[in-house]
1. So, with +1 on the Cβ of K and R and -1 on the Cβ of D and E, and no other charges, what is the size of the charge dipole of the range B:49-265 about its Cα centre, to the nearest 20 debye?
2. Using a 10 angstrom Cβ neighbour count of at most 13 plus a DSSP loop assignment to flag exposed chymotrypsin sites (Phe, Trp or Tyr not before Pro), which longest range of chain B is free of such sites?
3. When the helix-only estimate is applied to the protein assembly as shown (DSSP H runs of n ≥ 4, each -39,500 (n - 2.57), divided by the residue count), what is the mean residue ellipticity at 222 nm, nearest 500 deg cm²/dmol?
4. Using alpha-carbon positions, what is the distance between the centroids of the range A:198-265 and the range B:212-264, in Å?
5. How big is the charge dipole of chain A about its Cα centre, in debye rounded to the nearest 20, if each Lys and Arg gets +1 on its Cβ and each Asp and Glu gets -1 on its Cβ?
6. How many times 2.2 N^0.38 Å is the alpha carbon radius of gyration of the protein assembly as shown?
7. Between exposed trypsin sites (Lys or Arg not before Pro) in chain B, where DSSP calls loop and at most 16 other Cβ atoms lie within 10 Å, what's the longest gap?
8. Using a/c under 1.5 as the rounded threshold, could you call the range B:208-252 rounded, prolate or oblate? The axes a ≥ b ≥ c are square roots of the C-alpha gyration tensor eigenvalues, and prolate needs a/b larger than b/c, oblate otherwise.
Amino acid sequence: MTVDMRNGAAQPTQAVAIAIDRVSQRFPGRSGTNPMLALDDVSLEIRRGEFVCLIGPSGCGKSTLLNIVGGLIAPSAGSVRIGRNTVNGARPREIAFVFQESTLFPWYTVLENFRIALKFQGVEGGGWRDRAMAALRAVGMENFAEHYPSQLSVGMKQRINLARGLCVETDIILMDEPFAALDEQTRMVLGEDLSVLLARTGRTIVFVTHSLAEAVFLAGRIVVMTARPGRVKAIIDVPAPHPRSPDFMLAPQFSTIRNDLFALLRDEIRQTVAAMREARDGARP
Amino acid sequence: MATIDTSRFAAAAMPNEQRLGVASTRVLLVLGLLVLWEVYARLFGRAGMVAPPTDVIGALGPTVFGDPKVRSAVLLTFVELGVAFLMSVALGIALGLLVGIGEIGRRGLFPIVLFLYAIPQVVLLPLVVLIFGLGPAGKIAFGVSHGVFPIIVNTIAGMRNVSPLLVRGAESMGASRLQVIRYVVFPHMVATVFAGLRLAMTMTLLGVLLAELFVSTGGIGYFTQVYAETFNPAPLFALIATLALMAVAINELVRRVELRFTRWKQ
């Protein structure tokens with residue numbers, strides 16, 4: 001395991017899929033307060049096929065960074081490149097999002113949801129049904145194609161959300177705490193599934209999480225961020241190949257990395273809590 | 001905008017026994033009231049004011065539907081109501097979309113819509129008659145002026161509170177602004193708009209009838225007035241019952257259409 005402080009450069013072995021170059025993000029404050037600096041000079045390179053977890057205290061700008069990478073937010077400074085192109089808007093052909101809550105449209109059946117997603121992406125015509133069914137089979141939900149989302153449990157919906165992210169066949173999938181709303185057990189099962197799927201498909205994944213165990217179990221590299229304003233505090237490698245079995249959680253290596261991660265995060269979390277207390281007493285930015 | 005989801009009260013979602021209980025309670029109550037009414041009218045009622053239900057049913061045949069003038073009046077009101085309602089729907093949804101689609105338009109114009117909605121429209125009736133005349137045009141115009149507002153208001157309300165998560169999800173999948181409106185905003189607003197349509201139905205009927213009652217010389221409204229002024233309650237109540245049936249029928253039609261659009265909620 002290596003901990004290289006504040007150094008986000010990728011090793012030159014694999015092509016760079018995502019290059020985050022000195023990105024800062026400032027949100028306008030409410031009237032009378034200063035603008036809030038959410039991200040401060042973040043640089044990071046993510047190689048093709050890599051699974052990177054972003055972890056950090058609440059409000060450190062993890063999700064903001066993800067939205068910037070996906071082109072949903074324009075950064076105040078710096079830039080993001082996907083391959084050779086600078087991101088300046090959503091890139092549905094290259095990047096899929098999976099959010100914390102299901103973004104399945106409740107008024108369409110599961111299958112219709114896939115059709116709409118492909119339509120949004122600009123894929124028209126035949127073949128969509130086969131692709132959708134294949135993606136549903138991959139997450140074991142092929143029997144629910146004609147159901148409406150309201151007929152499914154939260155875990156099932158998130159499974160399908162994940163399948164939809166895979167179905168659009170982008171090279172990059174950005175996941176914003178996709179399992180956060182799930183119970184611990186569902187979460188573990190889905191994590192395992194994801195690990196298996198990944199080993200098969202070789203997508204590049206950036207995954208925001210609050211869970212130390214989840215980060216260690218899933219990631220090839222873990223990017224630890226500081227409390228607001230978010231900076232890269234450390235990058236931790238998790239040198240274990242996918243698919244990872246639940247046994248990996250019992251390995252000494254797992255707890256060592258998890259403990260290191262906890263040590264790195266502890267100060268940041270304290271700082272965040274202190275800032276929140278301060279904000280409670282008045283001028284919240 | 002508060003909307004009541006009446007489907008929750010529908011008998012369809014209940015087990016059979018309960019459904020039977022609901023139905024029998026309803027029938028017993030109505031029958032009981034009719035019997036009370038019959039007894040009261042026969043024993044204490046003044047002939048010129050109250051007619052017992054049996055007389056009302058008796059009047060339905062010969063006096064109301066036997067009289068070609070009354071028959072064509074019922075038909076006229078029905079047509080006026082239909083036209084006024086369709087115009088309210090077209091106009092209401094179009095104006096609602098126009099006002100509600102943008103933040104600036106909504107904030108700027110919605111209060112004006114609410115202000116106009118708050119005016120008791122009866123005071124405008126003389127003006128409407130001056131502009132559109134005593135015939136069907138005036139009645140339709142007055143029906144539209146009543147029906148259009150609930151639809152505008154509910155269309156605007158329906159466009160609010162679209163889940164930002166779903167919009168962000170759609171945008172992340174590459175949806176254009178038009179696609180977001182077509183596949184996210186429109187389906188989201190269906191239930192609220194239909195609540196407006198049903199309210200508008202009642203309001204349109206009110207508008208048409210008010211015009212008939214006060215100024216017109218045709219339609220159901222005119223004849224209810226004639227029957228009332230000639231102390232002839234049996235056909236009067238028969239006409240009112242016809243009117244109620246008409247309203248229920250159209251309301252049911254709107255509900256059927258709504259069910260087709262909201263299958264995902266069941």
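1. Value, rounded to 20: 940 debye.
2. Answer - B:45-230.
3. Working: 18 runs with 297 residues, N = 551.
Result for the protein assembly as shown: -18000 deg cm²/dmol, rounded to the nearest 500.
4. Comparing the Cα centres of the range A:198-265 and the range B:212-264, I get a distance of 70 Å.
5. 560
6. Taking the Cα Rg and dividing by 2.2 N^0.38 Å, one obtains 1.34.
7. The longest such stretch corresponds to B:47-159.
8. oblate
The values are calculated or read from the model by the stated rules, or taken from the named source; none is laboratory data. Quantities reported herein were computed from a predicted structural model and do not represent experimental measurements. In this analysis, Cβ positions are derived from the backbone assuming ideal geometry, glycine residues included, and neighbour counts consider all displayed protein chains. Quick note on the areas: whole protein, heavy atoms, side chains included, nothing else; ligands and nucleic acids left out. Shrake-Rupley method; radii C 1.70, N 1.55, O 1.52, S 1.80 Å.
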